[in-house]
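The values are calculated or read from the model by the stated rules, or taken from the named source; none is laboratory data. This is a predicted model, so every value here is computed, not measured. Backbone-built Cβ (ideal geometry, glycine too); neighbour counts: all protein chains shown. Heads up: the accessible areas ignore ligands, DNA and RNA and are worked out on the full protein's heavy atoms, side chains in. Shrake-Rupley method; radii C 1.70, N 1.55, O 1.52, S 1.80 Å.
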Amino acid sequence: MLRVEGLSRRFGGVYALENVSLNVEPGELRGIIGPNGAGKSTLFNLITGHLRANSGNVFFRDEAIDSLGAHARAQRGIAVVYQGARIFRGMTVLENVMVGAHRRTRHGFIEAALRSPRSRREDEAVRLLSAALLTLVGLGGLGDRPAESLPLGQQRSLQLARALAAEPTLLLLDEPASGLREAERHHFAELIRSLRASGLTIVLVEHDVPLVTTLSDRITVLDLGRVIAEGTPAEVREDPAVIGAYLGSPRAS
Amino acid sequence: MQKGHSAFFALLLGTLCLARFLGESALSLYVLFALTAIVTVGVSLLMGQAGQVSLGQGAFYACGAYTAGVLTTHGCPGAVALLVAPCAAAALAVVIGVPLLLLRGHHLAFATLAAHLIFLSVIGEMTVTGGDVGLQGIPRLRLGPLELDSVRSYAYLSSLALVAVVVVARNILASRPGRGLRALSSSELAAASSAIPVGRYKLAVFSLSAGFAGLAGGIYAFYMGYLAPGSFPVLLSVEYVVMATVGGLGTISGGVLGAAVVLLLVHALSRLATTSGMPMSAPVILSYAVYAVLLITTVLFLPGGIVSLVAAASERASRRSAKKASEAATSSSTTPSG
Ligand SMILES: Nc1ncnc2c1ncn2[C@@H]1O[C@H](COP(=O)(O)OP(=O)(O)OP(=O)(O)O)[C@@H](O)[C@H]1O
Ligand SMILES: [Mg+2]
């Protein structure tokens with residue numbers, strides 16, 4: 001599904017990511033953990049096309065996507081929930097989700113200007129789907145609120161609904177559970193499980209190690225831009241390199 | 001849907017009533033308003049929804065005007081020429097826009113300004129456009145059996161065109177491409193991640209705004225019957241930007257309101273400036289000054305434009321009436337017991 005080969009990215013002289021390779025199977029839920037600054041978000045940005053690699057390749061469904069822009073990669077079915085709150089300000093919560101469905105609809109400027117039957121049909125279908133997704137992520141009834149009025153945790157859930165509206169084949173989640181309260185976190189874990197059960201391939205970056213271990217099929221551990229371990233949750237937990245670099249050292253968050 | 005339709009008919013009726021009942025002297029100002037508002041609606045979309053500034057809308061206006069003028073003086077039916085005019089302006093915008101939209105921020109503003117100047121000098125050189133002397137003898141517009149030969153008929157035509165432009169803009173904003181535009185004006189990165197082709201969409205809205213300007217220019221050509229490079233000074237492009245800003249960027253009503261308010265103000269001031277006792281240079285100085293002052297005042301004190309004032313006022317009114325209603329409810333519920 002997703003294959004990353006020898007990916008490197010420097011900022012100035014410093015490697016944020018160095019010779020990283022990984023292979024995510026269809027339907028897999030891959031957890032990625034690592035300390036702050038390990039290069040997790042950089043890896044995502046290279047996959048989504050917001051950053052260019054200095055070397056290495058990214059394959060999505062066996063197609064090299066290195067030369068594609070971010071929107072073309074999204075069009076192929078890669079959706080992402082960013083670490084920060086990247087909602088569309090000045091639009092309602094519902095409209096934010098509807099933007100996510102852009103990928104699955106067709107009508108453009110001319111059809112919209114003339115309010116063609118297809119444009120009405122698509123808009124109506126997208127509206128219904130988006131409202132349902134809001135309910136799914138726990139934002140039911142908030143559709144008419146300005147998106148920026150939501151607290152941070154809910155903005156994260158909104159991003160998830162927006163990503164799902166694209167009906168992606170690969171979903172990248174960068175610390176989606178941070179800012180969620182305990183009950184919300186539980187709900188979130190259930191949601192991820194059901195998405196995984198529906199066959200969606202997911203890559204999950206998360207600092208909450210217990211959460212990642214319970215959800216993931218396999219875990220990749222990054223440190224200082226390199227892969228230091230990879231395996232099932234049980235294997236990774238036993239790995240001496242991981243314990244030394246990451247799990248052993250007490251962390252602030 | 002229902003609400004949208006009734007608002008549409010109210011707008012249509014309102015503009016047509018104005019065109020029908022305004023006195024002769026006010027009519028030419030009204031035509032100017034309708035043509036200007038058509039352009040500023042596009043500018044408002046471009047600036048507010050796509051975050052781009054164009055100082056070249058006057059050139060697209062001129063492009064539409066010259067397209068219509070040259071075509072009809074060469075025997076093309078007026079109705080066809082009027083349809084080709086916005087298309088030509090939109091196509092010109094695509095040609096200019098492809099390299100320019102790769103640049104960000106103020107580059108588009110400077111480059112469109114340059115495009116405006118280049119366009120004027122090209123028009124001034126070409127013989128087909130009449131050069132510096134201008135293009136004369138543009139026939140009055142014929143639509144089937146109708147010949148538009150009075151100011152009032154152009155008031156009807158331009159107000160119908162304005163309504164059409166408002167409807168098109170509104171439909172686009174409320175639909176898939178409009179959501180894409182609004183999304184990318186908030187975050188290009190997140191918009192691209194939602195599969196929105198950011199560059200292509202910016203180009204599309206740039207081209208759309210140019211098309212609106214071209215339509216207004218086409219009507220202007222028939223209305224005036226005569227075109228010269230001097231009719232399209234750079235100040236024209238600046239005016240559109242000021243009007244859209246004063247009205248409220250990103251909103252359709254802001255484009256219309258901004259055009260109306262600024263035009264009326266400039267009109268009043270120019271009457272003042274031409275009263276006896278004022279120096280010869282007063283009209284020019286006043287008209288430049290008024291744009292500068294309006295722009296600076298709006299940007300500093302009213303970033304949302306006039307539209308935001310109206311919205312705030314109506315919200316306050318509705319809150320007050322809601323409060324009154326709830327007070328009435330509580331007092332009526334407490335009186336019997338007390
Ligand atoms: N745009 C940038 N310019 C310069 N340096 C950057 C940039 N983006 C990331 N870096 C650096 O690259 C390294 C990896 O950053 P990255 O954001 O990928 O880490 P991360 O694993 O996501 O960390 P966190 O857990 O804090 O989110 C860091 O040292 C960071 O300072
Ligand atoms: Mg990160």
Stretch residue A:5-residue A:232 to full length: gain in nm at 0.36 nm per residue minus the Cα-Cα span?
79.7 nm
Nearest 10 degrees is fine. How inclined is helix A:182-197 to the longest principal axis of chain A, computing both from alpha carbons?
90 degrees
Env charge @ residue A:232, Cβ radius under 12 Å, K,R +1 / D,E -1, value -3
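Please work out the Kirkwood hydrodynamic radius for the stretch A:39-93, using every pair of different C-alpha atoms, and report it in angstroms with one decimal place. The partial results should precede the final answer.
Numbers: mean 1/r = 0.0807 Å⁻¹.
Final number for the Kirkwood radius of the stretch A:39-93 is 12.4 Å.
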List B:285, A:219, ordered by accessible area with a 1.4 Å probe, largest first:
B:285, A:219
When the helix-only estimate is applied to chain A (DSSP H runs of n ≥ 4, each -39,500 (n - 2.57), divided by the residue count), what is the mean residue ellipticity at 222 nm, nearest 500 deg cm²/dmol?
-11000 deg cm²/dmol
Please compute one quarter of the surface area of the Cα convex hull for the stretch B:2-233 and express it in square nanometres.
13.4 nm²
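Taking the Cα centre of the stretch B:2-233 as origin, work out the dipole magnitude from +1 charges on Lys and Arg Cβ and -1 charges on Asp and Glu Cβ, in debye rounded to 20. Could you put the intermediate results ahead of the total?
Details: 12 positive and 6 negative charges, 168 e Å.
For this selection, approximately 800 debye.
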In degrees, nearest ten, helix A:117-136 long axis to first principal axis of chain A (Cα)
50 degrees
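What fraction, in whole percent, of alpha-carbon pairs in the protein assembly as shown exceed 30 Å separation? Don't jump to the answer; show the numbers that get you there.
Values: 104725 of 174345 pairs.
Taking all Cα-Cα pairs of the protein assembly as shown, the fraction more than 30 Å apart is 60 percent.
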Near residue B:79, within a Cβ-to-Cβ distance under 14 Å, what is the net charge of the other residues, with Lys and Arg +1 and Asp and Glu -1?
+1
Direction-averaged shadow area of the convex hull around the Cα atoms of the stretch B:224-264, nm²?
3.5 nm²
Magnitude of the Cβ-charge dipole of the stretch A:90-153, K/R +1 and D/E -1, about the Cα centre, nearest 20 debye?
280 debye
Can you give the local net charge around residue B:186? Use residues other than it whose beta-carbon is closer than 14 angstrom to its beta-carbon, Lys and Arg +1, Asp and Glu -1.
+3
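With the alpha-carbon atoms as the only input, what is the per residue convex hull volume for chain A in Å³?
Details: hull volume 35.0 nm³, N = 253.
That works out to 138 Å³ per residue.
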Take chain B, connect every pair of alpha-carbon atoms lying under 10 Å apart with a spring to form a Gaussian network, then pick out the residue of B:216, B:317, B:19 with the largest mean-square fluctuation.
B:317
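Pick out the long, greasy-scoring helices in chain B: whole DSSP H runs spanning 15 Å or more along their own axis by Cα, mean Kyte-Doolittle at least -0.5. Show your work: numbers first, answer last.
Working: long enough: B:2-21 (28 Å, 0.89); B:24-50 (39 Å, 1.60); B:57-73 (24 Å, 0.65); B:78-100 (33 Å, 2.33); B:107-125 (27 Å, 1.55); B:151-173 (33 Å, 1.50); B:176-186 (16 Å, -0.74); B:198-224 (39 Å, 1.03); B:234-247 (20 Å, 1.83); B:252-273 (32 Å, 1.85); B:282-301 (27 Å, 2.14); B:305-337 (49 Å, -0.26).
Span-like helices here: B:2-21, B:24-50, B:57-73, B:78-100, B:107-125, B:151-173, B:198-224, B:234-247, B:252-273, B:282-301, B:305-337.
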Post the alpha-carbon centroid distance, the stretch A:90-104 to the stretch B:110-162, in whole angstrom.
40 Å
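Can you pull the Rg over Rh of the stretch B:186-330, Cα-only, Kirkwood? If you can, show how the numbers build up before the last one.
On the way: Rg = 20.8 Å, Rh = 18.7 Å.
Here Rg/Rh amounts to 1.11.
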Using a Förster distance of 30 Å, how high is the FRET efficiency between residue B:309 and residue B:285, based on the Cβ-Cβ distance and rounded to 0.05?
0.60
Could I have the simple spin-label model distance between residue B:136 and residue B:300, label points 7 Å from Cα toward Cβ, reported in nm to one decimal?
4.8 nm
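How high is the FRET efficiency from residue A:57 to residue B:117, r the C-beta distance, R0 51 Å, rounded to 0.05?
Numbers: r = 47 Å, r/R0 = 0.91.
In this case the efficiency is close to 0.65.
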In Å², nearest 10: area of residue B:87 left accessible to a 1.4 Å probe
80 Å²
Sticking with the crude label model, points 7 Å out along Cα→Cβ, report the distance from residue A:194 to residue B:164 in nm, one decimal please.
5.0 nm
